[in-house]
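**Q** Supplied in structure tokens, the structure appears directly below.
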Amino acid sequence: MRILGISAFYHDSAAALIEDGRIVAAAQEERFSRKKHDARFPAHAIRYCLTEGASGLGGVDHVVFYDKPFLKFERLVETYLTFAPRGFKSFRMAIPLWLREKLFLKDLLSKELTKLDGHNGWNEDLLFSEHHLSHAASAFFPSPYDEAVVLTMDGVGEWATTSAAIGRGNSLEVHKEIHFPHSLGFLYSAFTYYTGFKVNSGEYKVMGLAPYGEPKYAETIFKHLIDVKPDGSFRLDQSYFNYCAGLTMTNGKFHDLFGAPPRMPDQLLAQRHMDLAASVQMVLEETVLRMTRSLRAETGRVLAIWGDAGWGEMVREGKYSTDHFADELVEAMVRMIGDWKPKPSPQWVTCIPSLSRSGLVANFAERVARRLALPFRPCVRKLIVTAPQKEMQNSFQQARNLDGVFAIDESLLLPGAVLMIDDMVDSNWTLKSYPRPRRYA
């Protein structure tokens, strides 16, 4: 089956051709037009993808657009009605374009595709995916994982600004969403605008400024602009923002809060702009980390967090006092797996070995396997000792720190899903690095 995916008419239009789950070709239109962030119909990118796939549109089974325009239009109309009569200027500028083009996007796309390839056998099967589902699919389906939680955050799709989906095999199901106008992407874009950069273009400059500043305004942002809950869910105080009803991201109340109007693009950057960038970066990272920890607790299965008063203390005792994990931990693990009911269900058990405590994890994993009536296979070998992951400064260093660390004894591999047990999840990269050699073993 061949699927042509299209993104267009917002920013960075692009196309991708998929054949039986394999990416044949993908390209952004700006690479051909030489117009940065080109949002036009990606005719050049589509031609390139079809050429790489030695196909015309007649050889494509489905063409899929990346979001649903009717749902997006619904959100625009409801927002304008909510804030009316404020926002009339923005309404007057946006609605004619929607009535002229975007509401009839299916016809527009069909005409543009016909221009490309005439009527050479294309079945005109045009589908529309939800915006966040498209984001999640682009992350999960090319990944090496059969099951994963996928967290998507951006400005806004149709209604969703943040979503959590669970991918299993060839399916992807969204489980949680935060809706417009509460958006981490728009919070970041508000500071992009306020520090004098172009929205939907200059956000990377704000991120680049952040290391040069101090997060002096982070507390102010948490106190006034965003209410973040322990699980990472959040709400923005809309009285400080103008993006719902106006043509700018921020308003006078926002400017008063930070003591100055927005920087003009031709003004020199000052230290306060770097401090603002560092502050919003810290707020963003803290919010995302809360979300990921919460999702891991809900959908992943970690038995003990190090500081827990219950299992955490028992893990600590086993690692540093007795060199043996108690039977209570084995029983707790078995109960947890029973409640989890992972799909597909594990057919055998292995573990991530420790060179410093060679028998500790293997003994625990073998006892868990015995209670689950599953075979245990110590197929993973750790070849070298590296620095602790917690000493690494960022994800790149954590991933590189595990290069060449593990090897697989292919003679011990068994078919089917495997339950992998590790004694420490201090960076998650160990759990990501192990499946790669096993996948190709």
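Each reported figure results from applying straightforward, stated rules to the coordinates on display, with no laboratory input. As the structure is a computational prediction, the values presented were derived from the model and not from experiment. Note that we place each Cβ from the backbone using ideal geometry, even for glycine, and neighbour counts take in every protein chain shown.
**Q** Apply the Karplus curve 6.51 cos²θ - 1.76 cosθ + 1.60, θ = phi - 60°, to the phi angles in segment 408-418 and return the couplings in whole Hz, x for Gly and Pro.
**A** 10, 8, 4, 5, 9, 5, 10, x, x, 5, 10
**Q** Next question. Can you tell me the Rg and Dmax of segment 2-129, counting just the alpha carbons, in angstroms?
**A** In Å, with Rg to one decimal and Dmax whole: 16.4, 54.
**Q** Summing Lys, Arg as +1 and Asp, Glu as -1, what charge do residues with Cβ under 12 Å from the Cβ of Leu269 carry, Leu269 excluded? Show your work: numbers first, answer last.
**A** Numbers: positive: Lys205, Arg263, Arg272; negative: Asp266, Asp275.
Computed value for this residue: +1.
**Q** Let me ask another. Between Ile23 and Ala326, what is the FRET efficiency for a Förster distance of 35 Å, r being their Cβ-Cβ separation, to the nearest 0.05?
**A** Working: r = 48 Å, r/R0 = 1.36.
That pair, Ile23 with Ala326, gives E of 0.15.
**Q** Within 11 Å, Cβ to Cβ, of Arg367, how many net charges do the neighbouring residues add up to if Lys/Arg are +1 and Asp/Glu are -1? Before the final figure, lay out the partial values.
**A** Values: positive: Arg370, Arg371; negative: Asp327, Glu331, Glu366.
Net charge around Arg367: -1.
**Q** Sticking with this structure for a sec: As a check on your grasp of the helix formula, calculate [θ] at 222 nm for the chain: sum -39500 (n - 2.57) over DSSP H runs of n ≥ 4, divide by the residue count, round to the nearest 500.
**A** Details: 16 runs with 169 residues, N = 441.
Calculated mean residue ellipticity at 222 nm is -11500 deg cm²/dmol.
**Q** While we're looking at this one, here's another question. What is the angle, in °, between the Cα long axis of helix 105-117 and the longest principal axis of the Cα atoms in the chain? Nearest 10 is fine, range 0 to 90.
**A** Roughly 90 degrees, rounded to the nearest 10.
**Q** Net charge near Pro344: determine it from the other residues with C-beta under 11 Å of the C-beta of Pro344, scoring Lys and Arg +1 and Asp and Glu -1. Mind showing how you got there, number by number?
**A** Numbers: positive: Arg168, Lys341, Lys343; negative: Asp146, Glu147.
Overall, the nearby charge balance is +1.
**Q** Let me ask something else about it. Which lysines have a Cα lying under 23 Å from the Cα of Lys382, excluding residues fewer than 8 positions away in the same chain?
**A** Cα-Cα hits under 23 Å: Lys319, Lys390, Lys432.
**Q** Still on this structure, please answer the following. Relative to the longest principal axis of the chain, what angle (0 to 90°, nearest 10) does the C-alpha long axis of helix 184-194 take?
**A** 50
**Q** Report the extension gain between Asn200 and His37 in nm, rounded to one decimal, defined as 0.36 nm multiplied by the number of residues separating them, less their alpha carbon distance. Could you put the intermediate results ahead of the total?
**A** Working: separation 163, 0.36 × 163 = 58.68 nm, distance 0.91 nm.
That pair, Asn200 and His37, stretches by 57.8 nm at full extension.
**Q** Taking θ = phi - 60°, what integer Hz values does the Karplus form 6.51 cos²θ - 1.76 cosθ + 1.60 yield along segment 401-407, in sequence order, with x for Gly and Pro?
**A** My calculation for segment 401-407 gives 5, 9, 4, x, 7, 10, 9 Hz in order.
**Q** Please identify, among Ala407, Ala278, Ala245, the residue showing maximal mean-square fluctuation in a Gaussian network model of the chain using a 10 angstrom Cα cutoff.
**A** Result for the chain, Cα springs under 10 Å: Ala407 fluctuates most.
**Q** I would also like to ask the following. Among the chymotrypsin sites (Phe, Trp or Tyr not before Pro) in segment 6-89, which ones are in a DSSP loop with at most 15 other Cβ atoms within 10 Å of the Cβ? Mind listing them? Working shown, then result.
**A** Working: sites: Phe9, Tyr10, Phe32, Tyr48, Phe65, Tyr66, Phe70, Phe73, Tyr80, Phe83, Phe88; in loops: Phe9, Tyr10, Tyr66.
Answer in residue order: Tyr10.
**Q** Please find, in a Gaussian network model of the chain (springs between Cα atoms separated by less than 10 Å), the residue of Pro415, Pro211, Pro69 whose mean-square fluctuation is greatest.
**A** Pro415
**Q** Treating the beta-carbon of each Lys and Arg as +1 and of each Asp and Glu as -1, no other charges, what is the dipole magnitude of segment 20-153 about its Cα centre, to the nearest 20 debye? Could the numbers behind the result be given before it?
**A** Numbers: 18 positive and 18 negative charges, 201 e Å.
Computed about the Cα centre, the dipole is about 960 debye.
**Q** Calculate, in nm to one decimal, what His255 and Arg47 gain on full extension: separation in residues at 0.36 nm each, minus their alpha carbon distance.
**A** Details: separation 208, 0.36 × 208 = 74.88 nm, distance 4.68 nm.
So the extension gain works out to 70.2 nm.
**Q** OK, next. Could you pull the Rg and Dmax for segment 163-234, using just the Cα atoms, both in Å?
**A** My reading of the Cα-based Rg and Dmax gives 15.5, 45 Å.
**Q** Compute the distance in nm between two label points, each set 7 Å from the Cα along the Cα-to-Cβ direction, one at Ala94 and one at Arg235.
**A** For Ala94 paired with Arg235, the spin-label model returns 2.2 nm.
**Q** Given a Förster radius of 30 Å and the C-beta distance between Lys111 and Ser171 as r, what FRET efficiency does 1/(1 + (r/R0)^6) yield to the nearest 0.05?
**A** Working: r = 33 Å, r/R0 = 1.10.
Here the calculated transfer efficiency is 0.35.
**Q** Name the residue farthest towards the positive end of the dipole of the chain from the options Pro344, Gly259, Val228, assuming +1 on Cβ of Lys and Arg, -1 on Cβ of Asp and Glu, about the Cα centre.
**A** Result: Gly259.
**Q** Which residues' amide hydrogens lie under 5 Å from the amide hydrogen of Lys176, considering only partners 5 or more residues apart or on another chain, with H built in the peptide plane?
**A** Result for Lys176 returns Ala164.
**Q** Based on Cβ point charges of +1 for Lys and Arg and -1 for Asp and Glu, what charge dipole magnitude is obtained for the chain about its Cα centre, in debye rounded to the nearest 20? Before the final figure, lay out the partial values.
**A** On the way: 52 positive and 52 negative charges, 119 e Å.
Value, rounded to 20: 580 debye.
**Q** What's the Cα-based Rg to Rh of the chain, Rh via Kirkwood?
**A** Details: Rg = 25.5 Å, Rh = 25.2 Å.
Taking Rh as the inverse mean 1/r over Cα pairs, Rg/Rh reads 1.01.
**Q** Give me a comma-separated list of calculated 3J(HN,Hα) values for segment 335-345, in order, Karplus coefficients 6.51, -1.76, 1.60 applied at θ = phi - 60°, integers in Hz, x for any Gly or Pro.
**A** With coefficients 6.51, -1.76 and 1.60, one gets 5, 4, 5, x, 6, 5, 6, x, 10, x, 6 Hz.
**Q** Okay, moving on. Relative contact order for the chain: what percent, with Cα pairs under 8 Å and sequence separation of 6 or more? Before the final figure, lay out each step's value.
**A** Numbers: 692 pairs, mean separation 39.8, N = 441.
In percent, rounded to a whole number, it is 9.
**Q** Taking springs between alpha-carbon atoms closer than 10 angstrom, which of Val63, Val334, Val149 fluctuates most in the Gaussian network model of the chain?
**A** In this elastic network of the chain, the residue with the biggest mean-square fluctuation among Val63, Val334, Val149 is Val334.
**Q** Follow-up. Near Lys341, which lysines are there with a Cα under 18 Å away, not counting those fewer than 8 places off in the same chain?
**A** Here the lysines satisfying the reach criterion relative to Lys341 do not exist.
**Q** Straight-line reach only, C-alpha to C-alpha below 17 angstrom: list the aspartates and glutamates that Lys35 could link to, leaving out same-chain residues fewer than 8 apart.
**A** Lys35 reaches Asp12.
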